[in-house]
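Q: Once you've had a glance at the structure underneath, I'll fire off some questions.
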Amino acid sequence: MTTKVVTQKQMYKYFTIHIITTIIMFMIGIVLQQSGYSAPLGVLIGACIGIVITFFSIAFAKRRPDAFFVHYGADIVTRWLHYPLMAFIIMTNFLLVAINLWEIQDLLLQFYLTGTPSWIILGLCGLCISYMARYGIKSMFRAAEGMFYLSMITFIIIPYLVHSNMEWFLARGFATIASVKEAWPTAYHLGSIFGEASLILYIYPYISQASYTRKTTIRFTMLAALMVICHLIPILIVLGPDLAQNLNYPELDIIRLIKSGSYLETLDPIIIALWLVSIFIKLSFILFVISHMLSRILKLKYSKPLIYPICAFIIVSTICLAQSHTQFFSMHNGGVSTCVYISQLIPLLYYVIDVMRNRRQQMEEESL
Amino acid sequence: MRKLIISLLLLMMLTGCWSSEELNDQAFIGVLIIDRNDDGIEVTFGVPLTTNLASGETSGSASGGEVFGYFSRTAPTLEEAMQKVQGDLSRRANIGQNRNIVVGRRFAEEGITPVLELAARNPNIRMNTNMFLVDGYAKDEVAKATVTSERFFISILNKYVEHRTALQTTIKDFMLSKASGGDGLLPIINFSNTTEGAMVGKSSTVGTGGAAIIKKGKLVEPILTPDQTSAAQSIRNQLGNYFFSIKSPTENGWIGLYSTSVDVKTKIVKKEKKYHILIKPTSEVEAISNNSTMNFAIYEEVKKLEDRIDQFSDQLHADTMLIIQQTGADVFHFDRYMMVKYPQEWRKIKDHWREYYRDQLAIDIDSDIRIRRKGSTVRSFKSQFIEHNEGD
């Protein structure tokens with residue numbers, strides 16, 4: 001039996017960071033382009049979608065709380081179906097890490113490290129995340145515990161720092177203009193990110209006091225949604241929807257709007273550093289999950305030796321992923337979210353089959 | 001294994017200088033000046049000449065050399081001209097520190113859109129970069145001006161904005177909304193001749209002037225006077241210290257007043273099927289002189305004076321708004337008020353917003369200005385000392 005090393009509090013802090021980093025770093029521009037004033041509504045709907053997906057995973061995990069899904073999955077749907085499905089989930093998570101890494105290097109190259117070859121940036125980022133993943137499941141959750149308050153402070157302080165640029169009359173638009181129809185693309189995109197919390201299924205045996213997991217899920221999803229909304233609203237109030245929609249990194253731009261002459265004027269590198277740490281924690285967790293699944297499929301005793309090769313593979317694929325921003329986005333919009341949704345909903349299939357089988361067994365037993 | 005990884009990590013640190021930016025290789029652009037002439041666009045980089053800046057020197061120049069240099073070249077497009085200027089510089093032009101863009105009149109007449117596009121897209125130029133206009137050929141005017149109160153020309157521009165002396169217009173202000181995009185006011189920097197200005201008797205000096213109205217990125221007539229510019233500043237909630245005089249309510253003399261800040265609230269309301277923009281400036285002013293027989297101890301007289309100030313303020317704001325409104329340039333982006341408050345109606349008129357704004361939008365001004373302090377004396381110098389003596 002595995003030791004229960006992840007506490008509920010750690011999980012709460014980790015998944016809050018897990019969800020908000022990607023959204024605030026990379027998704028806000030897209031979200032505003034798609035939904036404008038309806039974006040906060042989209043975040044809320046997305047959060048609800050995420051909670052539903054995660055609840056399914058938790059309900060499924062609860063049926064065998066001390067075993068790993070990758071192991072017992074084969075017993076439910078036969079090995080022939082189980083392994084291809086697992087391979088699909090692994091590939092989707094691969095893609096998630098690669099996309100995030102690509103976005104990190106794109107951001108760094110565009111604003112700060114002009115002239116550095118991207119493979120150096122990717123290599124260093126890869127080294128950081130794989131090193132962390134090698135330390136095992138505890139390391140990510142402990143790091144998240146440490147980072148949580150720091151990143152919360154920056155996430156709260158940014159809206160405060162730009163408050164002098166806010167044009168409050170624009171806030172009325174949230175009530176008058178927002179519509180579910182406009183909010184839907186955001187909800188769909190972000191639902192897949194909120195749904196990433198369903199990765200809980202793969203680490204369920206590590207979680208202590210597992211009966212509280214559902215409560216924790218609601219708490220961290222709500223906090224993450226709140227934090228994202230706390231960022232969307234200032235952006236819309238400071239820049240207005242028309243300008244915000246036209247920026248690739250509106251979040252960075254509002255930091256750069258901090259009144260000139262103020263000593264906090266060049267705050268953006270500090271924010272970037274904090275974002276990077278948060279996203280590294282997230283990526284190492286996904287990397288850990290991938291290596292964990294792979295080692296179980298390959299029937300290896302330890303997952304550690306797999307981490308470096310997997311990471312190297314991810315880095316190489318990231319380099320080949322896209323040559324330009326436009327290419328990246330044309331690929332990104334075409335169904336990555338759908339892919340992620342499918343991989344998140346695969347356990348549901350197992351769940352349904354498992355429940356049906358159990359019923360049949362019960363009926364057979366009764367008839368005997 | 002761990003040792004190997006640590007040593008590998010240490011090796012990686014050797015690459016820290018990949019994107020190094022040596023301070024000695026940088027030419028920090030302090031001001032970007034853009035003009036149009038018959039050959040195309042002339043771009044001028046205003047660069048502090050760091051080699052001539054001896055440490056400890058505080059006066060204009062050290063060791064005889066100039067401390068601020070202008071490098072300019074002309075080319076058909078903005079980018080080509082920038083490349084040409086870079087070709088003349090021995091250091092790499094760094095625009096990341098630039099806070100000011102100055103454009104010449106002819107360039108503004110033909111459209112400032114290339115600058116807005118460049119500034120918005122280039123991640124090194126911040127969106128809160130200030131924009132100024134020179135009513136003439138900007139490079140020539142700026143380069144020949146003597147800088148006296150500050151060390152660099154750019155410091156003067158920065159101080160104007162910081163102390164709210166000049167209207168502040170940034171790149172961002174031109175792109176706040178689609179319906180009124182490219183509309184705004186450009187503050188004018190004035191270069192006074194030898195009889196007026198900061199250093200009378202010397203060559204031309206820098207000062208603030210009025211403001212130019214920009215519509216869809218192009219300069220349109222008329223140019224706002226300095227008083228009208230102050231009214232525009234007040235509508236944008238930027239008016240700082242402001243001295244003015246009002247005709248006394250009691251007799252022919254006048255009363256000098258001083259306001260430290262004006263707070264303006266703007267909203268849109270619908271009255272009798274017509275939309276009204278309601279501008280409400282509120283302020284507390286101090287009396288600083290009384291060249292009349294008015295007695296500040298009498299409440300009724302003070303009340304009358306306050307009414308006069310309100311009238312004066314209403315009139316100034318209304319006149320300014322009328323001039324701006326007639327050009328059809330929505331420089332204050334009132335469309336955004338309409339968009340958020342009446343989204344249904346907004347959808348119907350957003351495509352011809354500028355015409356609607358010019359012909360149908362009513363703009364009401366309702367000033368509320370109070371006299372907070374009456375100064376250190378009770379009666380005016382004239383009534384206390386001169387007229388008193390005359391009576392004897």
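Q: If amide hydrogens are placed 1.01 Å from N in the peptide plane, which non-local residues have theirs closer than 5 Å to the one on B:VAL103?
A: B:ILE34, B:PHE132, B:LEU133, B:VAL134
Q: Another question, then. In degrees, nearest 10, range 0 to 90: what is the angle between the Cα axis of helix B:299-327 and the longest Cα principal axis of chain B?
A: Approximately 50 degrees, to the nearest ten.
Q: What are the ³J(HN,Hα) values, in whole Hz, obtained from phi via the Karplus relation 6.51 cos²θ - 1.76 cosθ + 1.60 with θ = phi - 60°, for each residue of segment A:170-186 in sequence order, with x given for Gly and Pro?
A: Calculated HN-Hα couplings, in order: 5, 5, 4, x, 4, 8, 8, 9, 4, 9, 5, 4, 6, 6, 4, x, 5 Hz.
Q: Using Cβ counts within 10 Å as a stand-in for footprinting exposure, how do B:THR250, B:THR208, A:THR338, B:THR44 rank, fewest first? Mind dumping the intermediate values first?
A: On the way: B:THR250 15, B:THR208 18, A:THR338 11, B:THR44 25.
Ranking B:THR250, B:THR208, A:THR338, B:THR44 by Cβ neighbours within 10 Å, fewest first, gives A:THR338, B:THR250, B:THR208, B:THR44.
Q: Please determine, in degrees from 0 to 90 and to the nearest 10, the orientation of helix B:78-88 with respect to the longest principal axis defined by the Cα atoms of chain B, where the helix direction is its Cα long axis.
A: 60 degrees
Q: For helix A:137-161, what angle does its Cα long axis make with the longest principal axis of chain A, in degrees from 0 to 90 and rounded to 10?
A: Taking Cα atoms only, the helix is inclined about 30 degrees.
Q: Looking only at trypsin sites (Lys or Arg not before Pro) in DSSP loops with at most 16 other Cβ atoms within 10 Å, what is the longest site-free stretch of chain A?
A: The reported range is A:5-258.
Q: Would segment A:133-185 count as rounded, prolate or oblate if I go by the C-alpha gyration tensor, calling it rounded below 1.5 in a/c and otherwise prolate when a/b exceeds b/c, oblate otherwise?
A: oblate
Q: Between B:LEU305, B:SER234, B:TYR275, whose Cα lies farthest towards the positive end of the dipole of segment B:225-392 when Lys and Arg beta carbons carry +1 and Asp and Glu beta carbons carry -1, centred on the Cα centre?
A: B:TYR275
Q: Divide by every residue of the protein assembly as shown the summed helix terms, -39500 (n - 2.57) for each DSSP H run of at least 4, and state the resulting mean residue ellipticity at 222 nm, rounded to the nearest 500 deg cm²/dmol.
A: Calculated mean residue ellipticity at 222 nm is -17000 deg cm²/dmol.
Q: Quick check for me: using +1 on Lys/Arg Cβ and -1 on Asp/Glu Cβ, what's the dipole size of segment A:8-367 about its Cα centre, in debye to the nearest 20? Walk me through the intermediate numbers first.
A: Values: 24 positive and 17 negative charges, 238 e Å.
With only Lys, Arg, Asp and Glu charged at Cβ, the dipole is about 1140 debye.
Q: Based on other C-beta atoms within 10 Å, arrange B:LEU322, A:LEU109, A:LEU201 from fewest to most.
A: The order, fewest Cβ neighbours first, is B:LEU322, A:LEU109, A:LEU201.
Q: Can you run phi through the Karplus equation (6.51, -1.76, 1.60; θ = phi - 60°) for segment A:71-78 and list ³J(HN,Hα) in whole Hz, with x for Gly and Pro?
A: 6, 7, x, 4, 6, 7, 10, 6
Q: Next question. Treat every Asp and Glu Cβ in the protein assembly as shown as -1 and every Lys and Arg Cβ as +1, leave all other atoms uncharged, and give the resulting dipole magnitude about the Cα centre to the nearest 20 debye.
A: Using Cβ point charges on Lys, Arg, Asp and Glu, the protein assembly as shown gives about 3600 debye.
Q: Moving to a separate point now. Dipole size in debye (nearest 20) for chain B around its Cα centre, Lys and Arg Cβ +1, Asp and Glu Cβ -1?
A: Computed about the Cα centre, the dipole is about 1540 debye.
Q: Can I ask one more? Whose amide H sits under 5 Å from the amide H of B:SER192, counting only residues 5 or more places off or on another chain, with H placed in the peptide plane?
A: Amide H neighbours of B:SER192, under 5 Å, 5+ apart: B:THR205, B:GLY207.
Q: Within 10 Å of each Cβ in peptide B:123-135, how many partner chain Cβ atoms are there on average? Round it to a whole number, please.
A: Whole-number average of other-chain Cβ neighbours for B:123-135 is 3.
Q: For peptide B:177-187, what's the mean number of Cβ atoms from other chains within 10 Å of each residue's Cβ?
A: Shielding by partners across B:177-187 averages 1.
Q: Other chains near B:336-343: what is the mean number of their Cβ atoms within 10 Å of each residue's Cβ?
A: Details: counts 7, 4, 0, 9, 13, 4, 1, 8.
Mean partner shielding for this stretch: 6.
Q: Same structure, new question: Could you list B:LYS267, B:LYS139 in order of exposure, starting from the residue whose Cβ has the fewest other Cβ atoms within 10 Å? All intermediate terms of the calculation are to be shown ahead of the outcome.
A: On the way: B:LYS267 13, B:LYS139 21.
Taking fewest neighbouring Cβ atoms as first place, the list is B:LYS267, B:LYS139.
Q: On a 28 Å Cα-Cα criterion, which of the cross-link pairs A:LYS181/B:LYS216; B:LYS280/B:LYS350; A:LYS13/A:LYS299 come out too long?
A: The answer is A:LYS181/B:LYS216; A:LYS13/A:LYS299.
Q: Another question about this same structure. State which stretch of chain A is the longest one without any exposed chymotrypsin sites (Phe, Trp or Tyr not before Pro), exposure meaning a DSSP loop state and at most 11 other Cβ atoms within 10 Å.
A: The reported range is A:1-262.
Values quoted throughout were computed directly from the atomic coordinates according to the rules given, and no laboratory measurement underlies them. Computed from a prediction, not measured in an experiment: that's the story for all the values here. Cβ: placed from backbone, ideal geometry, glycine included. Neighbour counts: every protein chain shown.
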